[in-house]
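Inspection log for the structure reproduced underneath, given as structure tokens.
Rule-based calculations on the coordinates, nothing more; no lab input. If you're wondering where the values come from, they're calculated on a predicted model, not measured in any experiment. All Cβ positions, glycine included, derive from the backbone under ideal geometry; neighbour counts span all protein chains shown.
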Amino acid sequence: MKLIYKPIPDHFLKALPEGVKFVRRHQSDFLVAEQINCPRGHSLMAEVVRIHGEPSIRIRVQVGKSEGLVFIDAFWGGHAKLYNFIPDIISAGSVIKALCPVCGVSLIVADHCAQMGCKCDQAIVFALPGKTNKIYVCARLGCPGHRMEISALSHKVLAQVSKINYFGAQDNDIFMEI
Ligand SMILES: [Zn+2]
Ligand SMILES: [Zn+2]
């Protein structure tokens, strides 16, 4: 899997929200989620399961009749995922249910995906420290739609950040026993 560098807007670099950091790979800075919580404040970071050398984001998901843990790439716009189960994907457009693996609270909220061709109206919400700032990820498997809601930044800057996808739209998911 190759990291493809996409420039990050200057305004964002200057007002980097808490819970987000930059890491240097191949002489370029990449945006990485450093601290993500459930709405009740449980950390979703999995220190031991690393993707691209960084802790991953651990959530419990339900796909069709299957359920298990998914570890998500913390690189903004990265699409690598590790499953500890085989998801029951009936059709390629499956919308998943996501829960906090600690308390079981639903991470799904109503949110229209802005990705071209995707009409999904549900997103997985990740709370950044302080709870005002949030990350929304489209709940449809395979869709790269994502956006940040950062109170100190304008919609214009956030729209630019939302367009950053490091690995293109599709990457093969990896299945492994954890
Ligand atoms: Zn929780
Ligand atoms: Zn979508």
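Just a few scattered comments:
- Strands (runs of 3 or more DSSP E) wholly inside the range 43-156 containing at least 3 residues that are within 15 Å of ligand 2 (Cβ to nearest atom) and touching a Lys or Arg at 6+ places or on another chain (Cβ under 6 Å): none
- Of all the listed residues (ARG24, ARG60), the sole one being under 20 Å from GLY104 (Cα atoms) and of a type in the set (D, E, K, R) is ARG60.
- Residue match in the range 99-113 (condition: out of contact with any helix residue (DSSP H, G or I) (no Cβ under 7 Å at 6 or more places or on another chain), in contact (Cβ under 8 Å) with a residue 12 or more places away in the chain and among the polar types (S, T, N, Q)): no
- Sole exception among (1) surrounded by 15 or more Cβ atoms within 10 Å (Cβ to Cβ); (2) under 16 Å from the mean Cα position of the chain (by Cα) for VAL63, by number: (2)
- Between PRO17, PRO39, the distinction of being over 17 Å from ALA139 (Cβ atoms) and either under 16 Å from the mean Cα position of the chain (by Cα) or in a strand (DSSP E or B) (or both) belongs to PRO17 only.
- Within the range 1-44, being farther than 19 Å from GLU149 by Cα and of a type in the set (Phe, Trp, Tyr) holds for one residue alone: TYR5.
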